[in-house]
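Only one structure is covered here, and it is reproduced in the block below.
No lab work stands behind these numbers, since they all come straight from the coordinates. These numbers were taken from a predicted model, which means no experiment stands behind them. Neighbour counts run over all protein chains shown; Cβ positions are idealised from the backbone, glycine included.
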2 protein chains.
Amino acid sequence: MKTETVNDEKKTIKMKNYLQHISLDCVVFGFHSNQLKVLLLRMKNTGTWALPGGFVCEDESIEVAANRVLKERTGLDEIFLHQFNVFSDPQRSKHNPAVSDLILSGQTYPEKSWFDKRFISVGFYALVEFSQVEPQPDAFSDICEWINLENIGNLMLDHNHILQKALETLRMQLTFQPIGYNLLPEKFTLSELRKLYETILGKELDRRNFQRKILAYDILTRLEEVRLGVAHKAPVLYKFNLENYKRALDEGLQGRW
Amino acid sequence: MKTETVNDEKKTIKMKNYLQHISLDCVVFGFHSNQLKVLLLRMKNTGTWALPGGFVCEDESIEVAANRVLKERTGLDEIFLHQFNVFSDPQRSKHNPAVSDLILSGQTYPEKSWFDKRFISVGFYALVEFSQVEPQPDAFSDICEWINLENIGNLMLDHNHILQKALETLRMQLTFQPIGYNLLPEKFTLSELRKLYETILGKELDRRNFQRKILAYDILTRLEEVRLGVAHKAPVLYKFNLENYKRALDEGLQGRW
């Protein structure tokens, strides 16, 4: 463990008591205007984009560390984070450029070697309400912002791989758990819900099949209201049946065996 | 990283180049005679039972390390391991007795402090064919054997918690992925398959509901054979349709959205 301070023109980060070799990276998905966005940071020295991440203090569990990091980046207190995979390729921290170059270049920093160690990173993903987030860069970055999934280029280290794996996990999760609460407004049409699924899956879904399947899971309540102000026949509004929704989160969409 | 050797009456383990702070623990489930068993080790010095586990060498990914550990404990080369959770409670390594007491008591070992460090442990679980395993204790244990799930008492450190979490993950997996290949004989009856599910879930299932649900997933091929030598009407045999089984592993039992 190291007790160090990185001085930065804007902020001071205490590098105290971080566990060696261990980091965490967060893939934060946001949904807005039928687009899936990911929260990214632009590193000051190289302009490289990266996932928000951090290290684990001596007295923190990795979940506490991840929530601390995300609170700093988003302002949100209670993000529902899923730990989804550990990234431990021995070469992952040795990609070109090395982490120490990315985050410390141009600075004289006695603990460069700390960043050059091999790091095993625990990946988390979260789905958040786009509008509630106030993105904040960290000491090593100058921009923190939402980037549309389809516009994301080369990321730092193995962060493209981490993002891809998070997306695969989220897509698999769609097959057995409900999604949408906190991402959609309280009342929504089936077509709006389908667009959320289509955006996450990256493909179009058959309208009728989707409707039949999603209604069969019994997680929606049909309201006696319609969406006004649309061009065609006004579509019926739904909201989630939270009791059933939560049960489906626990037991799976199929229910227990 | 440490380069050390633990001398033991039976074996020599080279403690070289392990990453500090990081360990792995494996929950290996085996199915036999309608019972779910877990592979456990009995520690030499204290008689405490523990999950098989180990550390990560400098040049290993955590998956390679887990496969190495399990090959040593089971003789099996290609165990399908699922990484399921990271256990990182800061107090988890400080349970009474400390790891160093458990595995080193009675020995003068200069690197006791290495074992007394806080370890973040990556949990893996596996389902293996019971009959193929030849359990082998490690240098710190005198027994490695299958224990029936319902007979497992207090385990070392937080290993009961790790086991419980693995079981919950396996039960959730049953709701969206097929299971049974490599655990059942090639040909089996629906009742034998149901017993596997009942064993994992720890509860009885309704025969007809199970039959209806499992057949609807289209992962089974009905054979033109029956199980002979049983008391009642000879039941029809099935085998897995491996193409559909593998697709259901990838896409979920519901199929894609």
- Please give the calculated 222 nm ellipticity per residue for chain B, where each DSSP H segment of at least 4 residues contributes -39500 (n - 2.57) and the sum is spread over every residue; nearest 500 deg cm²/dmol? -8500 deg cm²/dmol
- Query: Distances from A:L76 to the same residue in each other copy, label points 7 Å out along Cα→Cβ, in nm, shortest first?
  - Reply: 3.9
- Could you size up the charge dipole of chain B around its Cα centre, putting +1 on the beta carbon of Lys and Arg and -1 on that of Asp and Glu, and report it in debye to the nearest 20? 700 debye
- Task: One decimal, nm, shortest first: give the distances between the label point of B:E224 and those of the same position in the other copies, each label point 7 Å from Cα along Cα→Cβ.
- Result: 6.1
- Note on region B:177-251: alpha-carbon gyration tensor, axes a ≥ b ≥ c; rule is a/c under 1.5 for rounded, else prolate if a/b larger than b/c, else oblate; result oblate
- Message: Placing the label point 7 Å from Cα along the Cα-to-Cβ direction, what are the distances from A:I147 to the equivalent spots in the other copies, shortest first, in nm to one decimal?
- Response: 4.9
- Message: Please compute, for peptide B:47-60, the average count of beta-carbon atoms on other protein chains lying within 10 Å of each residue's beta-carbon.
- Response: 1
- Listed residue (A:A166, A:F176, A:W146) projecting farthest to the positive dipole end of region A:136-177, Cβ model: A:F176
- Net +/- balance of residues flanking A:E204 in space, Cβ distance below 14 Å, scoring K and R +1, D and E -1: +4
- Over region B:14-76, equivalent-ellipsoid semi-axes from the Cα gyration tensor in Å: 24, 15, 9
- If B:K203, A:K213 are placed from fewest to most neighbouring beta carbons inside 10 Å, the sequence is B:K203, A:K213
- Sorted largest first, the C-alpha extents of chain B along its principal axes in whole angstrom are 66, 42, 29
- Note on the structure: The answer for the net charge of residues other than B:K71 whose Cβ lies under 10 angstrom from its Cβ, with Lys and Arg +1 and Asp and Glu -1, is -1
- Item | Estimated distance in nm for a label pair at B:R256 and A:Q132, the labels positioned 7 Å out from Cα along Cα-to-Cβ | 3.2 nm
- Task: Return B:V86, A:V27, A:V64 ranked ascending by Cβ neighbour count within 10 Å, so the fewest neighbours appear first.
- Result: A:V64, B:V86, A:V27
- Message: Contact order normalised by length for chain A, with contacts defined as Cα pairs under 8 Å and 6 or more residues apart; what percent is it?
- Response: 20 percent
- Message: Is the C-alpha gyration tensor of the protein assembly as shown telling us rounded, prolate or oblate? Criteria: a/c under 1.5 is rounded; beyond that, a/b larger than b/c is prolate, otherwise oblate.
- Response: oblate
- Task: Just flag the GluC sites (Glu not before Pro) in region B:153-257 sitting in loop per DSSP whose Cβ has no more than 13 other Cβ atoms within 10 Å.
- Result: B:E186, B:E204
- Query: Taking the Cα centre of region A:178-251 as origin and charging only Cβ (+1 Lys, Arg; -1 Asp, Glu), how large is the dipole, in debye to the nearest 20?
  - Reply: 280 debye
- Message: How big is the dipole moment of the protein assembly as shown about its Cα centre under a simple scheme where the beta carbon of each Lys and Arg is +1, that of each Asp and Glu is -1, and everything else is neutral? Debye, nearest 20, please.
- Response: 1240 debye
- Item | Neighbour-count ranking [beta-carbon atoms within 10 angstrom, fewest first] of B:Y181, A:Y125 | B:Y181, A:Y125
